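I have placed the structure first, in the form of structure tokens, so that the comments after it can refer back to it.
The values are calculated or read from the model by the stated rules, or taken from the named source; none is laboratory data. Nothing here was measured: the structure is a model prediction, and the numbers come from that model. Virtual Cβ from ideal backbone geometry, glycine too; neighbours counted across all protein chains shown. Accessible surface is based on the protein model in full, side chains and every heavy atom, while ligands, DNA and RNA are left aside. Shrake-Rupley method; radii C 1.70, N 1.55, O 1.52, S 1.80 Å.
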Amino acid sequence: MVKGISKRIIQSISINEKYSKDELEQMEYALVTILFEFSKTILLIIIFSLLGYFKEVIIILAIMCAVNPFIGGYHEDTQIKCFIATLLLTAGTLILSLQCNLSFLSNCILIFLSIFCIWNQAPVINSKMPITRPNLIKQNRIKGLSASIILGLISIVLYNYSSYYSLITWTILFEALLMFNKREN
């Protein structure tokens, strides 16, 4: 359905403009990706809102959006698998944040461990969409690391004031762990 919609949109754009076949394919790929990500995000928000966790899912998704595009990591080969993986990761993050009372020192250790992993690994290059320009790789590394450090500091500051610190810590930790990709066959 999403692919059909995007194909129609791209065809309507291409009527009045002269684009090469490659440019049209790139536009269609980008549009399909945006539509799938938008659909996945809305569906996650609806599911967790129905369960009473609207604020929490917004925080988790915002952190994922701030960090993941720049550090890379785990990818599924279909949109359905991607949605299920994101649903499970979001649920896992939420459950851990609700069930595990971290001490201040434990929170700091998890943040520093996550930042160390990101510093050591980022960005993980996806073999299906490789980034080859060294300056873009460096920019992604800096953006991902900076976002993680800022979010980590926010978690530390929030420790005595809000339970949301735990959501931040667990989400950053999961993002760091997902940089260690599954084995390729």
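Per-structure values
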| item | result |
| --- | --- |
| Residue list for the range 95-114, restricted to those being open to solvent by 30 Å² or more (accessible area, probe 1.4 Å) and of a type in the set (Val, Ile, Thr) | Ile95, Ile109 |
| Selection status of Tyr161, open to solvent by 90 Å² or more (accessible area, probe 1.4 Å) and of a type outside the set (A, V, I, L, M, F, W, C) | yes |
| Output for the range 115-124, where each listed residue is open to solvent by 50 Å² or more (accessible area, probe 1.4 Å) and in contact with a Gly (Cβ under 9 Å, 6 or more places away or on another chain) | Gln121 |
| Count of the range 143-158 residues which are open to solvent by less than 90 Å² (accessible area, probe 1.4 Å) and farther than 16 Å from Leu98 by Cβ | 10 |
| The range 37-52, subset open to solvent by less than 50 Å² (accessible area, probe 1.4 Å) and not hydroxyl-bearing (Ser, Thr, Tyr), residue farthest from Ile95 (Cα to Cα) | Lys40 |
| Neighbours by Cβ (under 6 Å, 6+ apart or cross-chain): first from the range 63-77, outside any helix (DSSP H, G or I); second buried (at least 16 other Cβ atoms within 10 Å of the Cβ) and of a type in the set (Val, Ile, Thr) | Gly72/Val124; Gly73/Val124 |
| Among the residues listed as Ser146, Ser97, Ser106, the single one being within 28 Å of Ile34 (Cβ to Cβ) and among the small types (Gly, Ala, Ser) | Ser146 |
| All positions within the range 56-78 that are of a type in the set (D, E, K, R) and at pLDDT 95 or above | Glu56 |
| Any hit, the range 79-91, residues being over 15 Å from the mean Cα position of the chain (by Cα), at pLDDT 90 or above, under 26 Å from Leu158 (Cα atoms) and surrounded by 13 or more Cβ atoms within 10 Å (Cβ to Cβ) | no |
| So Ser103, is it at pLDDT below 75 and small (Gly, Ala, Ser) | no |
| Pairs, first under 15 Å from Ala122 (Cβ atoms) in the range 142-166, second open to solvent by 70 Å² or more (accessible area, probe 1.4 Å) and among the aromatic types (Phe, Trp, Tyr), C-beta under 8 Å, six or more apart | Leu145/Trp119; Gly152/Phe112 |
